[in-house]
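Taking it in order: structure first as structure tokens, then the write-up.
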Amino acid sequence: MVANASRVSVAARWLGLAALLFGLIPALLAAIGGGYPFQVAITALIFVTLAVSLNLVTGTAGLLSLGHAGFFGVGAYAAALASTKLGWPFPLTLPLAAVAAAVVGVLVALPTMRLISIYFAVATLGIGEMIHVALLNWVSFTRGPMGIRAIPPIEVLGLDLSGVVGGYYAAAAVAAAGIFAVHRLTHSYYGNALRSLREDDQCAAAMGLNPVRLKIEAFGVSCAIAGAAGAVYAHTASFISPDSFRFEESILILAMIVVGGLGSLPGAVVGAVLLIVLPEALRGIGDFRMIAVGVFMFLSILFQPKGLLGEASAIALFRRQLGAAWRGDIQAGWK
Amino acid sequence: MTAETLLEVTALSRAFGGLRAVDDVSAQIRKGELVGLIGPNGAGKTTLFNLISGFTPPSSGTVVFRGRTINGLKPHQVSRLGMARTFQNLRIFPNMTVFDNVSVGAVGALGYGLRHGFFGGRARAEEISARTWAALERVGLAGVAGELAANLSYGKRKYLEIARALATDPVLLILDEPAAGLNDTETAELARFIKGLHAEGGTILLVEHDMGLVMSICERVMVLASGAKIADAAPAAVQADPAVLEAYLGIADDEEVA
Ligand SMILES: Nc1ncnc2c1ncn2[C@@H]1O[C@H](COP(=O)(O)OP(=O)(O)O)[C@@H](O)[C@H]1O
Ligand SMILES: [Mg+2]
């Protein structure tokens, strides 16, 4: 009975989240008027997807990655090339982008997985730069700095999502899928395994966990989600060039999860929304707005070093929400 | 009549540069034994431990556990064969709850992969959870399961580390200086606890720097000095052994000078 009641409330909460993402927010954006709010929302959702995916490797598994924008770029180019050259529709370019980014991610990361802390970070920095330079110089394939134009808009099984509103729904659906996947992984015992690597990977190995395998899995899943975000970006922007997938973007994504709370899923969402929406909301103050954003980041880290929504409280919240009987009387732990 | 041999090391050696930290050690542990391993600081106890559990590859010699030669296996592979360990310098996962710390032992032993994470793995999760609670109950930490491990007192962290090892449901439990940093009352309590585990049928290798604890609870004591095994007998016999006395007295003199 208790289990049933909690399952209902879990379903209700997910429905509530869906209502917010697919009902309330687009209604509000429409009320503000024009295409611009939707444009900003699409960007925010793409970065929510990126932040959530980076949070899996960096926040939860503790691997500081400084090249995440590179995998975003691999996904975007895979989708752009498949749709412009082969005529593939979005339902095919989306999984292609995810797989391409995951494959590149796992291949280049394989030799680096044994590196620790700062060495791993520098290796990923190099990987990100390599991807950027490859996109820039492999002109016959990527058209180099000219970028790829006229990427067809999103259409799913006859459903036309070509305008900004349609793009919003597509971006929201992909972000929701990314959030759900990372939620499944991090709020289960699999998440405990990843967190134990971050805390002390030798000790985790002594408990029977295979650190290298777990790190590669987490990295692959993270890159796949970033690649999916790339597909959304390519199809909604209709033009991409290597400039969108640089070190600056990697750092921006990292700042989002640090401000939100490393290892915290809701934190990653909030951090991404804030760091995209804030500069737009501050357009009125012109050039000062990036200073204001910098001050915001500085103060937020100073006063909330564990992030706006820290990991420990976020996990406790999810556990209660899932209604899992993890306290004494029903000895079921949590999902 | 003797119980089956669980662990057998033969002519095991490990050198660090010119230093022979473990020097030609052979030893056996049979099922159900509570064996002590003592020796002065720097005798090579932790190194021997690391050789057995796969953390350090041996320079030469073999380690056979449950009939399988395990040298060359990685620590997680050795762990999955049923050997669990704690660390000399208390290693817990500070930013995880007590429950989650211990669950890692159960996850490592039972397995909970990507597949389980994505698709639910409910049955496996319940198994992990039951084991975690059992281990927490066993060490008396069930009441603080939701606390962050970093907030526990030093003494409780020691039990947390043991609970995490117990959650793997080990065939052999090896404890590296569990009494280090504990006061006399806490050490006596720990001694009772370890004896209890043994009475339940556990096979335990207890590594200690201090003779007292080991002599009071172990059935058999091995002594390591400068990497070599110098004694392996019942506590009373070991205490009367001139070689052991010399090894310890030699160190005691040094410590007085220092
Ligand atoms: N990784 C290592 N590299 C070099 N020397 C080491 C290493 N580990 C241990 N030693 C040396 O091996 C000797 C035995 O150390 P250890 O096994 O820690 O002794 P114990 O646990 O008995 O105090 C010491 O002299 C120590 O300095
Ligand atoms: Mg030691």
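The values are calculated or read from the model by the stated rules, or taken from the named source; none is laboratory data. Predicted model only: the values in this text are computed from it and were never measured. Methodologically, a virtual Cβ is constructed for each residue, glycine included, from the backbone with ideal geometry; neighbour enumeration extends over all protein chains shown.
Within the stretch B:30-50, is there a residue that is part of a strand (DSSP E or B), more than 16 Å from B:Glu208 (Cα to Cα) and more than 16 Å from ligand 2 (Cβ to nearest atom)? Taking every residue of the stretch B:30-50 in turn, at least one turns out to be part of a strand (DSSP E or B), more than 16 Å from B:Glu208 (Cα to Cα) and more than 16 Å from ligand 2 (Cβ to nearest atom). For the stretch B:124-141, the set of residues classified as of a type in the set (A, V, I, L, M, F, W, C) and within 7 Å of chain A (Cβ to nearest Cβ) consists of B:Ala125, B:Ile128, B:Ala130, B:Trp133, listed by residue number. If the condition is being more than 9 Å from chain A (Cβ to nearest Cβ) and within 16 Å of B:Arg131 (Cβ to Cβ), then the stretch B:67-104 contributes B:Gly82, B:Val98, B:Val102.
Checking each residue in the stretch B:149-180 for being touching a residue at least 40 places away in the same chain (Cβ under 8 Å), within 16 Å of ligand 2 (Cβ to nearest atom) and away from chain A (no Cβ under 13 Å) picks out B:Lys158, B:Glu177, B:Pro178, B:Ala180.
Inspection of the stretch A:145-163 finds a residue satisfying the criterion of being away from chain B (no Cβ under 14 Å), in contact with a Leu (Cβ under 9 Å, 6 or more places away or on another chain) and either under 23 Å from A:Val52 (Cβ atoms) or in a helix (DSSP H, G or I) (or both). The single condition among (1) under 20 Å from B:Lys158 (Cβ atoms); (2) away from ligand 1 (no atom under 16 Å from the Cβ); (3) within 14 Å of chain A (Cβ to nearest Cβ) that B:Leu34 does not meet is (3). Scanning the stretch B:48-70 for residues that are touching a residue at least 60 places away in the same chain (Cβ under 8 Å) and closer than 22 Å to A:Ala204 by Cα, we see that the one that is farthest from ligand 1 (Cβ to nearest atom) is B:Phe65. State whether one or more residues within the stretch B:185-194 are at pLDDT 90 or above and small (Gly, Ala, Ser). Looking through the stretch B:185-194, at least one residue is at pLDDT 90 or above and small (Gly, Ala, Ser). The single condition from (1) surrounded by 19 or more Cβ atoms within 10 Å (Cβ to Cβ); (2) modelled with pLDDT under 75; (3) within 27 Å of A:Ile46 (Cα to Cα); (4) not small (Gly, Ala, Ser) that A:Leu309 fails is (2). Count of the stretch B:192-209 residues, restricted to those that are assigned to a loop (DSSP other than H, G, I, E, B) and farther than 23 Å from B:Leu48 by Cα, is 2. With respect to the stated conditions, B:Ile230 fails to be assigned to a strand (DSSP E or B), more than 16 Å from ligand 1 (Cβ to nearest atom) and over 15 Å from B:Gly105 (Cβ atoms).
To keep it simple, each residue is scored yes or no on (1) loosely packed, with under 15 Cβ neighbours inside 10 Å; (2) over 22 Å from A:Arg195 (Cα atoms); (3) not hydrophobic (A, V, I, L, M, F, W, C).
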site	(1), (2), (3)
A:Ser238	no, yes, yes
A:Glu249	no, yes, yes
A:Leu252	no, yes, no
A:Met256	no, no, no
A:Val259	no, no, no
A:Val270	no, no, no
A:Ala281	yes, yes, no
A:Gln304	no, no, yes
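Going through the stretch B:60-97 one residue at a time, which ones are at positive phi and in contact with a strand residue (DSSP E or B) (Cβ under 8 Å, 6 or more places away or on another chain)? The answer is B:Gly61, B:Arg66, B:Gly82. The residues of the stretch A:75-86 that are closer than 17 Å to A:Ser140 by Cβ and touching a residue at least 60 places away in the same chain (Cβ under 8 Å), listed by number, are A:Tyr77, A:Ala78, A:Ala80, A:Leu81, A:Thr84.
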